[in-house]
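Reading through the structure tokens given below for one structure.
The values are calculated or read from the model by the stated rules, or taken from the named source; none is laboratory data. Because the structure is predicted, anything quoted here is derived from the model rather than measured. Note that we place each Cβ from the backbone using ideal geometry, even for glycine, and neighbour counts take in every protein chain shown. These accessible areas exclude ligands, DNA and RNA; they are computed on the full protein's heavy atoms, side chains included. Shrake-Rupley method; radii C 1.70, N 1.55, O 1.52, S 1.80 Å.
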Amino acid sequence: MVWDLETVPDLEGFAKSNNLVGRSPAEIRTAMGADFPKLIYHSIICIGALVANRTANGYEVQAVGAPHIGQRTEKELIESFVHKIAQISPQMVTFNGGGFDLPVLRYRAMIHEVFAPGMHNRAYYHRYTDDNVDLCDVLSSFSFGAKVKLDELSRIMGLPGKPDGINGSQVEAYFNAGRIQEIADYCKSDVINTYRLWLRHELFRGRLDQAQFEFSEQELARLRTET
């Protein structure tokens with residue numbers, strides 16, 4: 001399972017923690033400042049995920065999507081996601097998931113009192129395992145100075161990268177403008193780019209041969225054409 005979160009600042013939570021309850025949203029947002037918020041102050045608005053199964057020929061994508069809070073509540077998004085993880089106990093693949101997505105998911109699940117034992121079926125919260133492959137970490141050999149952005153890594157490898165007109169810093173503005181489906185489409189593109197980078201990594205380390213790698217890419221292209 002390759003997955004990614006999109007989030008916006010949690011104004012209500014920040015107000016509770018900083019004695020600002022009763023203040024206007026604008027006042028609370030100003031008090032949060034322009035810096036990237038602490039992870040406890042991120043509210044999940046979209047969870048993108050791709051599930052693929054290994055076959056003798058390579059990987060076949062079973063599902064890809066990005067449900068969002070225009071369709072269900074944050075708690076329901078989290079419950080559905082962790083329930084799927086409990087069902088299939090997948091290997092997880094992320095890009096900076098260890099530093100952002102996993103801790104944010106845990107914080108938000110705890111805030112909403114979500115029952116999520118499946119998140120501990122495998123060592124998802126352990127950094128140096130194959131249970132959760134954080135490509136940002138792994139490809140930089142766990143060196144902060146060697147880390148790169150998903151978009152630039154995707155583009156240098158000939159992949160599409162992020163859609164024109166939106167990046168992570170603009171998600172809050174898109175959300176405030178009611179452009180939630182565009183955020184979901186952006187999230188889905190990040191998931192697909194991450195999956196394709198992971199296929200390259202599997203080829204590099206010999207987990208896929210050239211024919212299996214090409215089959216996996218063709219299967220993804222076929223699915224995207226059909227959908």
Qualifying positions in region 69-88 - more than 15 Å from V2 (Cβ to Cβ) and open to solvent by less than 60 Å² (accessible area, probe 1.4 Å): I69, G70, E74, L77, I78, S80, V82, A86
Of everything in region 89-99, what is of a type in the set (S, T, Y) and either buried (at least 19 other Cβ atoms within 10 Å of the Cβ) or modelled with pLDDT under 95 (or both)? Give them in sequence order. T94
Could you grab the pairs with beta carbons closer than 9 Å, sequence gap of 6+ or different chains, first residue in region 153-178 and surrounded by fewer than 13 Cβ atoms within 10 Å (Cβ to Cβ), second one β-branched (V, I, T) and not in a helix (DSSP H, G or I)? I156/V148; N176/V8
For A211, all conditions in the list (1) in a helix (DSSP H, G or I); (2) over 18 Å from the mean Cα position of the chain (by Cα); (3) hydrophobic (A, V, I, L, M, F, W, C); (4) surrounded by 14 or more Cβ atoms within 10 Å (Cβ to Cβ) hold save one; what is the number of the exception? (4)
Looking at region 100-121, which of its residues are open to solvent by 20 Å² or more (accessible area, probe 1.4 Å), touching a residue at least 40 places away in the same chain (Cβ under 8 Å), among the hydrophobic types (A, V, I, L, M, F, W, C) and closer than 24 Å to C136 by Cβ? F100
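Among the residues of region 57-68, write down those that are closer than 14 Å to C187 by Cβ and open to solvent by less than 30 Å² (accessible area, probe 1.4 Å).
G65, A66, H68
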Looking only at region 10-27, how many residues end up being of a type in the set (A, V, I, L, M), within 22 Å of F175 (Cα to Cα) and surrounded by 13 or more Cβ atoms within 10 Å (Cβ to Cβ)? 2
